[in-house]
Amino acid sequence: MAHPYVLLSAAVSLDGFLDDAGPERLLLSGPEDFDRVDEVRAGSDAILVGAGTLRTDNPRLLVGSAERRAARTAAGLPEYPLKATVSASGDLDPGARFWHTGGAKIVYTTDRGAQRLHGLLPADVEVAALGPEVEWRAVLAHLGDAKGVRRLMVEGGGRVHTQLLQQGLADELQLVVAPLFVGDTDAPRMFGPGAYPPGRMRLVETRPVGDVVLMRYVPTAPGTGRQACAADRRWMETACELAVQCPPSRTAFSVGAVIVAADGTELARAHSREGGDPVVHAEEAALAKLDPADPRLATATVYSSLEPCARRASRPAPCARLILDAGVRRVVTAWREPDTFVTAADGSGVLAAEGADVVVLPEYEQRAKAPNTHLLPPPGHS
């Protein structure tokens with residue numbers, strides 16, 4: 001199953017602090033933004049905070065609006081989103097408000113932490129032991145598979161936000177900037193040092209909310225190797241959107257393709273039968289728009305809504321070969337080619353045999369198939 005859509009939410013001062021160093025929490029947002037956050041919570045399946053935030057802020061993490069809670073129940077959802085926290089040590093206060101308000105709760109911890117928590121928390125709190133270490137991919141996989149969470153709101157703290165961004169697991173950053181300075185080196189910052197994905201994030205919205213400013217960013221830099229990241233899913237959405245633009249055909253699939261540099265720069269995009277060419281494939285058309293000597297191709301990623309072809313009759317070289325000859329060594333796709341036109345096609349195998357990393361995102365398979373349903377057998381038929 002797919003990981004949830006991970007939305008990081010935080011408010012910072014003009015100089016980048018989450019709080020000051022005093023004993024009381026510094027309120028960076030105003031009433032208008034608190035209401036906006038309440039709306040985002042109501043639209044989420046789960047809300048997650050780190051153990052450090054539980055200790056310092058003692059939050060309840062509730063949906064405050066009765067109207068929004070009623071809308072959730074009317075839609076068949078629990079009144080409150082699932083509340084989750086992560087603590088490798090299991091050092092948690094059983095009296096914290098987090099455990100005694102709202103609906104369902106879960107804590108992700110290690111085997112050692114689970115032993116420490118045994119019998120400590122209220123009986124309705126689920127303790128999920130993830131082995132000797134707590135890894136974020138395991139947390140997200142459990143939330144998606146076992147809990148059915150499709151949209152996860154992460155409200156801190158800085159360490160949690162830092163780790164999710166550095167590991168390429170954040171689909172969106174909602175950052176509110178408050179018009180004040182903290183200026184205390186002992187105060188917590190939003191992000192810590194370390195290696196982040198390269199390049200620039202994409203700004204998708206900015207607007208005032210009371211006296212603060214909301215900025216929404218999404219990642220652009222592809223993942224590396226065979227590990228998918230949040231930006232890979234976003235670029236695959238683009239490839240699927242391009243597939244819909246293909247002129248209809250009863251003799252060829254509709255496919256979209258995007259080529260993206262390692263820093264998240266889009267190099268080229270195309271779709272099948274682009275420019276009036278009845279036989280051109282999406283990957284072929286995208287590659288044709290680039291200088292074959294472009295040094296960025298060696299570390300680029302090709303996103304194709306359908307597995308690049310391994311054999312074709314319309315042109316001398318199939319797309320898998322064209323990709324390899326261009327020097328690209330990472331391909332992300334949503335759907336393996338069926339036997340409709342070519343039996344036992346295996347473009348992914350051709351790519352992998354020559355050292356390319358192939359990543360399949362099955363959660364996008366149905367979107368990739370959508371413009372091709374007229375070429376496929378009805379469900380349940382082979």
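Looking only at strands (runs of 3 or more DSSP E) that lie completely in region 123-180, which have at least 1 residues being among the basic types (K, R)? Reasoning before the result, please.
Numbers: elements: 125-129, 151-154, 172-177.
Because the criterion is at least 1 residues that are among the basic types (K, R), the strands (runs of 3 or more DSSP E) in region 123-180 that meet it are 151-154.
Every residue in region 170-213 that is closer than 20 Å to S13 by Cα, basic (K, R) and modelled with pLDDT of 95 or more, please.
R207
Can you tell me how many residues within region 328-348 are of a type in the set (S, T, Y), surrounded by fewer than 23 Cβ atoms within 10 Å (Cβ to Cβ) and either without any contact (Cβ under 8 Å) to a residue 60 or more places away in the chain or closer than 19 Å to T238 by Cβ (or both)?
Narrowing region 328-348 to residues of a type in the set (S, T, Y): 333, 340, 343, 348.
Still in the running and surrounded by fewer than 23 Cβ atoms within 10 Å (Cβ to Cβ): 340, 343, 348.
Keeping just the survivors that are either without any contact (Cβ under 8 Å) to a residue 60 or more places away in the chain or closer than 19 Å to T238 by Cβ (or both) gives 343, 348.
Counting residues in region 328-348 that are of a type in the set (S, T, Y), surrounded by fewer than 23 Cβ atoms within 10 Å (Cβ to Cβ) and either without any contact (Cβ under 8 Å) to a residue 60 or more places away in the chain or closer than 19 Å to T238 by Cβ (or both) gives 2.
Yes/no per residue for (1) under 20 Å from T109 (Cα atoms); (2) small (G, A, S):
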{"residue": "G30", "(1), (2)": "no, yes"}
{"residue": "D33", "(1), (2)": "no, no"}
{"residue": "R36", "(1), (2)": "no, no"}
{"residue": "R41", "(1), (2)": "no, no"}
{"residue": "S44", "(1), (2)": "no, yes"}
{"residue": "L48", "(1), (2)": "yes, no"}
{"residue": "T53", "(1), (2)": "yes, no"}
{"residue": "V63", "(1), (2)": "no, no"}
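Can you find even one residue in region 117-139 that is surrounded by 14 or more Cβ atoms within 10 Å (Cβ to Cβ), of a type in the set (K, R) and out of contact with any Phe, Trp or Tyr (no Cβ under 8 Å at 6 or more places or on another chain)?
no
Just name the residue that is farthest from A300 (Cα to Cα) out of those in region 229-256 that are in contact with a Leu (Cβ under 8 Å, 6 or more places away or on another chain) and assigned to a loop (DSSP other than H, G, I, E, B).
Filtering first and then ranking leaves R250.
Can you give me the number of residues within region 147-162 that are charged (D, E, K, R) and touching a Ser or Thr at 6+ places or on another chain (Cβ under 7 Å)?
Initially, region 147-162 is screened for residues charged (D, E, K, R), giving 147, 150-151, 155, 159.
Subset that is touching a Ser or Thr at 6+ places or on another chain (Cβ under 7 Å): 151, 155.
Count: 2.
Restricting region 259-306 to residues that are farther than 30 Å from L203 by Cβ and hydrophobic (A, V, I, L, M, F, W, C), which is surrounded by the most Cβ atoms within 10 Å (Cβ to Cβ)? Walk me through how you get there before you give the answer.
So the first thing to find is which residues in region 259-306 are farther than 30 Å from L203 by Cβ, and the list is 272-273, 275-281, 284, 288, 292-293, 306.
So of that shortlist, the ones also hydrophobic (A, V, I, L, M, F, W, C) come out as 279-280, 288, 293, 306.
Details: V279: 14, V280: 19, A288: 15, A293: 7, L306: 30.
So the residue we want is L306.
Got a sec? Which helices (runs of 4 or more DSSP H) wholly within region 4-104 have at least 2 residues that are surrounded by fewer than 16 Cβ atoms within 10 Å (Cβ to Cβ) and not β-branched (V, I, T)? Steps first, answer last, please.
Values: elements: 31-42, 51-57, 66-74, 97-100.
The qualifying helices (runs of 4 or more DSSP H) are 31-42, 66-74, 97-100.
Checking the structure you have, find out if any residue of region 14-27 is modelled with pLDDT of 95 or more, within 23 Å of the chain's Cα centre (by Cα) and hydrophobic (A, V, I, L, M, F, W, C).
no
When V255 is evaluated against the numbered criteria (1) of a type in the set (V, I, T); (2) crowded, with 21+ Cβ neighbours inside 10 Å; (3) within 19 Å of the chain's Cα centre (by Cα), which criterion, by number, is the only one it fails?
Condition (3) is where V255 drops out.
Among (1) in a loop (DSSP other than H, G, I, E, B); (2) at pLDDT below 95, there is one condition H374 misses while meeting the rest; what is its number?
Failed condition: (1).
Only residues that are surrounded by 24 or more Cβ atoms within 10 Å (Cβ to Cβ) and in contact with a Lys or Arg (Cβ under 6 Å, 6 or more places away or on another chain): list them for region 307-327, please. Write out each step before concluding.
Looking only at region 307-327, we keep the residues that are surrounded by 24 or more Cβ atoms within 10 Å (Cβ to Cβ), and these are 307-309, 319-320, 323.
Hit for region 307-327 is E307, nothing else.
How many residues, within region 203-215, are out of contact with any Leu (no Cβ under 7 Å at 6 or more places or on another chain) and either part of a helix (DSSP H, G or I) or in contact (Cβ under 8 Å) with a residue 40 or more places away in the chain (or both)?
5
Go over the candidates V182, V218, V149 one by one and state the one that is of a type in the set (V, I, T) and more than 30 Å from P78 (Cα to Cα). Let's see the steps before the verdict.
Numbers: V218 fails: more than 30 Å from P78 (Cα to Cα); V149 fails: more than 30 Å from P78 (Cα to Cα).
Answer to the selection: V182.
The values are calculated or read from the model by the stated rules, or taken from the named source; none is laboratory data. Remember, predicted model here, so these are calculated numbers, not experimental data. We place every Cβ from the backbone using ideal geometry, glycine too, and count neighbours over all the protein chains shown.
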